[in-house]
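The values are calculated or read from the model by the stated rules, or taken from the named source; none is laboratory data. Please read these numbers as outputs of a predicted model, since none were measured by experiment. Every residue, glycine among them, receives a Cβ derived from its backbone with ideal geometry; neighbour counts consider all protein chains shown.
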Amino acid sequence: MLFTNIAPEQITDNTFKLIGNDWMLVTGGTKHSHNCMTASWGGFGILWHKPVVFVFIRPQRYTNEFVEKHPYISLSFFDESYRPQMQLCGTKSGRTIDKAAACNFSIFETQHKAIAYQEARLVLECKILYTQQLQQDCFIDTSHVHHYAAGDFHIQYIAEITECLIR
């Protein structure tokens, strides 16, 4: 494997660009049964004296079923040349296709057996610490409720970064 293990504090990418523009693959499951989805909403931070990520998944997403069943997930970030694969993973359902196979990705297990992709340039293994579904009555600025016309409020996951692998 071509990855080096670094501390989360050594990530030099602009995290706003990393998530909002470059996108990430959120993956849950095991090497025998897993699914990924493209995400462009989330964040990095410090909470409870730990380096964490904030990930948001709609409840109906197939990936959410895997994230709910396993304590560790991965966030994989790719070079721009993988944009078509990222688009596929954001528009096709893992219920109907094997996204990793369709993208010709090679999976590997992280330290705690989260699934990630050898083609990624940055992989974060994350342990889920907290989860809560967003609620309409908690919006202070209600102008954002329009994102949930179907009432399918995202589930927020706060996860500790337990391993950080960089190419």
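One residue is enough: does the range 35-55 have a residue meeting the conditions outside any strand (DSSP E or B) and of a type in the set (G, A, S)?
Checked the range 35-55: at least one residue is outside any strand (DSSP E or B) and of a type in the set (G, A, S).
Given the condition modelled with pLDDT of 95 or more and in contact with a helix residue (DSSP H, G or I) (Cβ under 6 Å, 6 or more places away or on another chain), answer yes or no: does some residue in the range 1-21 qualify?
No: the range 1-21 contains no residue that is modelled with pLDDT of 95 or more and in contact with a helix residue (DSSP H, G or I) (Cβ under 6 Å, 6 or more places away or on another chain).
List every residue pair whose Cβ atoms lie under 9 Å apart, where the two residues are 6 or more positions apart in sequence or sit on different chains, the first residue falls within the range 153-167 and is among the aliphatic types (A, V, I, L, M), and the second residue, located anywhere, is at pLDDT below 95 and not in a strand (DSSP E or B).
L165/M1
Okay, residues lined up against (1) farther than 21 Å from G94 by Cβ; (2) surrounded by fewer than 20 Cβ atoms within 10 Å (Cβ to Cβ); (3) acidic (D, E):
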residue: I6; (1), (2), (3): yes, yes, no
residue: D13; (1), (2), (3): yes, yes, yes
residue: S33; (1), (2), (3): no, yes, no
residue: I57; (1), (2), (3): no, no, no
residue: E65; (1), (2), (3): no, yes, yes
residue: E68; (1), (2), (3): no, yes, yes
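Of all residues in the range 70-84, which are more than 15 Å from the chain's Cα centre (by Cα) and either basic (K, R) or surrounded by fewer than 21 Cβ atoms within 10 Å (Cβ to Cβ) (or both)?
Hits for the range 70-84 are D79, E80, S81, R83, P84.
Taking into account only those residues within the range 130-167 that are crowded, with 16+ Cβ neighbours inside 10 Å and polar (S, T, N, Q), which is nearest to the chain's Cα centre (by Cα)?
Only one residue tops the list, namely Q156.
Do you know which of the residues in the range 1-34 that are of a type in the set (S, T, N, Q) and part of a strand (DSSP E or B) is nearest to F78 (Cα to Cα)?
Among those residues, the one meeting the criterion is T27.
Examine the range 55-68 for a residue that is touching a residue at least 24 places away in the same chain (Cβ under 8 Å) and over 16 Å from the mean Cα position of the chain (by Cα), and state whether such a residue exists.
Taking every residue of the range 55-68 in turn, none turns out to be touching a residue at least 24 places away in the same chain (Cβ under 8 Å) and over 16 Å from the mean Cα position of the chain (by Cα).
Filtering the range 88-119 down to residues that are assigned to a loop (DSSP other than H, G, I, E, B), farther than 14 Å from M24 by Cβ and small (G, A, S), which residue is farthest from the chain's Cα centre (by Cα)?
Per the criteria, the residue is S106.
Of everything in the range 134-165, what is farther than 15 Å from W41 by Cα, in a strand (DSSP E or B) and either at pLDDT below 95 or of a type in the set (A, V, I, L, M) (or both)? Give them in sequence order.
The answer is I161, L165.
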